[in-house]
Amino acid sequence: KMAGHQTWKARGIKSMYTNADQLWNKMNELREITKKEWPDLIGINEVKYKNMEGKELKTKQFELDEEKYDIFGNNIEEDTGRGQVMHVDKKLKADRIELKTKVTEAIAVTIETSKKEVLIVALIYRSPSSTQKDNRRIRKVIDELAGMNSRELVIMGDFNYKEINWEENTVKGDEQTMFMEC
C-alpha cells in the first residue's frame with residue numbers, strides 16, 4: 001500500500017505527494033487514486049526497489065495517463081538512490097528546471113500561473129543515511145530554488161529528520177537546526 005499520501009490544493013492546483021517505497025507494484029493503486037481525485041500535480045519519492053539487483057526500471061514504466069500528464073523522472077535508471085517521479089497535468093505546461101546544485105534526489109519544475117507568474121515546484125528526498133556533504137547539498141539546492149525569480153515555491157518531499165517536529169516547529173540537533181533555518 002502507498003505510504004499515506006497527502007493531498008492539498010493551493011492556487012487552484014490540486015496536488016498529491018507520497019513515498020511509494022517501490023512504486024512498480026503499486027501502479028494500479030496509484031491509477032485508481034488519480035481517477036478518483038484527478039490531481040494536477042503528483043510527486044512521488046522512493047519509486048525504485050530497495051534492492052535493484054537484477055532489475056531495470058525506466059521512467060516510462062511509471063506513466064499514468066499520457067494524454068493527461070507529463071512525467072518528469074529523476075534517478076530511475078541509475079544504480080544509486082531511490083528515484084522520483086513527478087506527474088504534472090499537461091494544461092499546466094510544466095518545464096523542468098536544470099538545477100546547478102547536483103543532488104541525487106531532487107527534481108524541480110516551473111509552472112506558469114494564470115497571472116503569468118512562475119510557480120516553482122520541487123520534489124526532494126533526503127535518505128536517512130545522508131552524509132553531512134549530502135545534507136549541505138540539499139540545503140544548497142533549497143537556497144538555489146528560493147533564489148530563483150519566482151514569487152511562489154512549493155517544496156514537497158521526505159527529509160527523514162525524525163528530530164524535527166513540523167507541527168510544533170521544534171528541533172533537536174545542529175544538523176536539523178541548520179535544515180530548519182534553511
- Task: Past 21 Å, Cα to Cα, is the threshold; run K102/K140; K50/K100; K26/K102; K26/K68 against it and keep the listed order.
- Result: K50/K100; K26/K102
- Message: Ignoring everything except DSSP H segments at least 4 long, calculate the 222 nm mean residue ellipticity for the chain; use -39,500 (n - 2.57) per segment, divide by total residues, nearest 500.
- Response: -5500 deg cm²/dmol
- Query: Of all DSSP beta bridges located in the chain, what percent are antiparallel, nearest 5?
  - Reply: 70
- Query: So which lysines can K162 reach, going by Cα to Cα under 18 Å and dropping same-chain residues fewer than 8 places off?
  - Reply: K172
- Of the accessible area of the chain, with the probe set at 1.4 angstrom, what percent is carbon plus sulfur? 45
- Query: For the chain, modelled as a Gaussian network with Cα springs under 10 Å, which listed residue fluctuates most, V171, V109, V88?
  - Reply: V171
- Message: In whole Hz and in residue order, list the ³J(HN,Hα) couplings for segment 156-171 that follow from phi through the Karplus curve 6.51 cos²θ - 1.76 cosθ + 1.60, θ = phi - 60°; x for Gly and Pro.
- Response: 10, x, 10, 9, 6, 10, 5, 7, 9, 9, 5, 6, 9, 6, 10, 8
- Where is the GNM fluctuation largest for the chain (alpha-carbon springs, 10 angstrom cutoff): E168, E29, E66? E168
- Message: Just to check I understand the Karplus step: with θ = phi - 60° and J = 6.51 cos²θ - 1.76 cosθ + 1.60, what whole-Hz values come out for segment 66-81, glycine and proline as x?
- Response: 5, 6, 9, 10, 8, 10, 10, x, 8, 6, 8, 8, 7, 8, 10, x
- Message: Whole angstrom only: what separates the Cα centroid of segment 147-166 from the Cα centroid of segment 47-107?
- Response: 19
- Computed on Cα atoms, the radius of gyration and Dmax of segment 44-127 in angstrom are 13.7, 48
- Note on the structure: For Cα Rg over 2.2 N^0.38 Å the list reads [x] 0.93; [y] 1.10; [z] 1.01; the calculated value is entry [z]
- Message: I need the calculated FRET efficiency for the pair S129 and E63, taking r as the beta carbon distance and R₀ as 25 Å, to the nearest 0.05.
- Response: 0.25
- Message: Compute, for the chain, the length of the dipole vector about the Cα centre, with Cβ point charges of +1 (Lys, Arg) and -1 (Asp, Glu) only. Units Debye, rounded to 20.
- Response: 260
- What relative contact order, as a whole-number percentage, does segment 102-172 give when Cα pairs under 8 Å and 6 or more residues apart are counted? 33
- Message: Restricting to Cα pairs below 8 Å that are 6+ residues apart, what does the relative contact order work out to for segment 31-141? Please round to a whole percent.
- Response: 22
- Item | Rh (Kirkwood; distinct C-alpha pairs) - segment 75-182, Å | 15.0
- In nanometres, what is the gap between the two model label sites at K102 and V118, each 7 Å from Cα along Cα-to-Cβ? 2.3
- Short version: ³J(HN,Hα) in whole Hz for each residue of segment 41-49, in order, from phi by Karplus 6.51 cos²θ - 1.76 cosθ + 1.60 (θ = phi - 60°), x for Gly and Pro, what are they? 9, 10, x, 9, 9, 6, 7, 8, 5
- GNM flexibility winner over the chain from S15, S114, S150 (Cα, springs under 10 Å): S114
- Placing +1 on each Lys and Arg Cβ and -1 on each Asp and Glu Cβ in the chain, then taking the dipole about the Cα centre, the residue among V118, T59, Q176 whose Cα reaches farthest towards the positive end is V118
- Do you know the relative contact order of segment 52-91, to the nearest whole percent, from alpha carbon pairs under 8 angstrom that are 6+ apart? 38
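The values are calculated or read from the model by the stated rules, or taken from the named source; none is laboratory data. Predicted model, so just to flag it, every value in this text is computed and none were measured. Because the Cβ atoms are built from the backbone with ideal geometry, glycine has one as well, and the counts that use them run over all protein chains shown. Note: accessible area is taken over every heavy atom of the protein model, side chains too, but ligands, DNA and RNA are not part of it. Shrake-Rupley method; radii C 1.70, N 1.55, O 1.52, S 1.80 Å.
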